[in-house]
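Visitor: Next up is a structure, given as structure tokens.
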Amino acid sequence: MGMKIDRFTLAIIAGVLLLVVGAVITVMVTDGRGWQSAEYLNEDTPEAVVHDAFLAAVRNEPDVAMSHYSRDVLEDDDNLHFRERFNYYDSGRSARRLRILNVDISEEGDKAYVTVAIDNFHQGGLFDSGTSTYRRTIPLVREDGAWKIDTDDLFY
């Protein structure tokens, strides 16, 4: 006598299989890449400077990140203290994504404000993982003809 499976159970099995296939396709298409494999934009726009500074923070590249901050920030914040703050974020335990929401440049063209949303994906067990999102407005100034972040914010 064979085992008979009802329609509800078949629907559950089919749904799980579709999720697994979708996950495999997603990983194959993206090669599992995240912000660690993103590219620097290297553009002189407020949003590109914020993007590149965020990427440098995620990659733990303090020299690259510091090149995107204004002299006032670097002079106020001891360089060693600034570098040590990069170690606060443990990229091995969670993933991060930056979304640029708005860019507002002053009429004089020497100040800008970039509003971002930063999504933090926390890994854990079955009931211990989650996502948190916070928004922040980052001020920038024109300094020697280039946009620079004018706050000591390291995106965490």
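The values are calculated or read from the model by the stated rules, or taken from the named source; none is laboratory data. Predicted model only: the values in this text are computed from it and were never measured. All Cβ positions, even for glycine, are placed from backbone atoms using ideal geometry, and neighbour counts span all protein chains on display. Just the protein is used for accessible areas: all its heavy atoms, side chains included, with ligands, DNA and RNA removed. Shrake-Rupley method; radii C 1.70, N 1.55, O 1.52, S 1.80 Å.
Visitor: Kindly establish whether Y69 is among the aromatic types (F, W, Y), closer than 25 Å to S132 by Cα and at pLDDT 80 or above. Walk me through it before giving the result.
Guide: Working: among the aromatic types (F, W, Y): yes; closer than 25 Å to S132 by Cα: no; at pLDDT 80 or above: yes.
No; evaluated as a whole, the condition is false for this residue.
Visitor: Working only within the range 97-156, note down all residues that are assigned to a strand (DSSP E or B), open to solvent by 80 Å² or more (accessible area, probe 1.4 Å) and more than 19 Å from H51 (Cβ to Cβ).
Guide: Within the range 97-156, H122, T131 qualify.
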